[in-house]
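Contents: one structure, followed by commentary.
The values are calculated or read from the model by the stated rules, or taken from the named source; none is laboratory data. In this text, all values refer to a predicted model and were calculated from it rather than measured experimentally. Heads up, the Cβs are rebuilt from the backbone with ideal geometry, glycines too, and the neighbour counts pull from every protein chain shown.
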Amino acid sequence: MKIALLGYGKMGKEIEKIAHKRGHEIVIIIDKDNQDDIKSETFLSAQMAIEFTTPETAFDNISTCLLSSVPVVSGTTGWLSRYDEIKALCEKQQCAFFYASNYSLGVNIFFHINRELARIMEHYADYNVSMEEIHHIQKKDSPSGTAISLANDIISLISRKLLWINESNSKDDEIAINSIREGTVPGTHTVVYESEADIISIEHRAKNRKGLALGVIIAAEFLINKKGIYTMDDVLGISNK
């Protein structure tokens, strides 16, 4: 598979390594110093674009890929207020778009466990739910996209919770997300249900970026020759129902 890599930070470099190990070719790397190359013939020769850039540039990058009929796998967070526009553009162009807030296979299994636990806890109002996420100091968005996905899944399944807030304390209808930025932590997410009697918690702790990068390449391999919108649930065969 010929891949155009958009974004060449720590994740981009790790994705490049995994892509080569799995027999794929990186035909072009586009970063902040050569952004105009996204209009080049070399970019158009790519069978797949992988986009890990910034919240400020992600929407334009993804739009350009779809308008160029280049399928795109994106892992940039912090831009999802415009997700419906990308979905509509993908459908109009009859192209393919894959998005996940986190590509780690372990995290996506964690998402599934989180949903199943929320379904159970819907029936037990004595338990309040809160969250904590810890990331390295270079992470720009807060809370993380993974934390937002976890919180939104809980909100969709627990009727007494209506929204999340990026604070340590919350009202009865809110989920508090405590965001911590320290050191070089690749990512830790914890969901806690607490009552007067006890505490139930689930946690995912990333050890490095390798699992994320592998998930990205697996997603790209999955997307080849497809049209439409896909997520990691499609790759793992997990149903939200």
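A few notes on this one:
- Qualifying positions in the range 65-88 - at pLDDT 95 or above and buried (at least 17 other Cβ atoms within 10 Å of the Cβ): C65, L66, S68, V70, P71, V72, V73, S74, I86
- Each residue in the range 23-41 was checked for being out of contact with any Leu (no Cβ under 6 Å at 6 or more places or on another chain) and surrounded by 13 or more Cβ atoms within 10 Å (Cβ to Cβ), and 8 of them qualify.
- A219 being among the small types (G, A, S), at pLDDT 95 or above, buried (at least 16 other Cβ atoms within 10 Å of the Cβ) and within 21 Å of N114 (Cβ to Cβ): yes
- Tallying residues that are of a type in the set (G, A, S) and closer than 20 Å to T77 by Cβ within the range 15-64 yields 3.
- When each of I113, I62, I109, I50 is tested for being assigned to a helix (DSSP H, G or I), in contact (Cβ under 8 Å) with a residue 12 or more places away in the chain, buried (at least 22 other Cβ atoms within 10 Å of the Cβ) and among the hydrophobic types (A, V, I, L, M, F, W, C), the lone residue that passes is I62.
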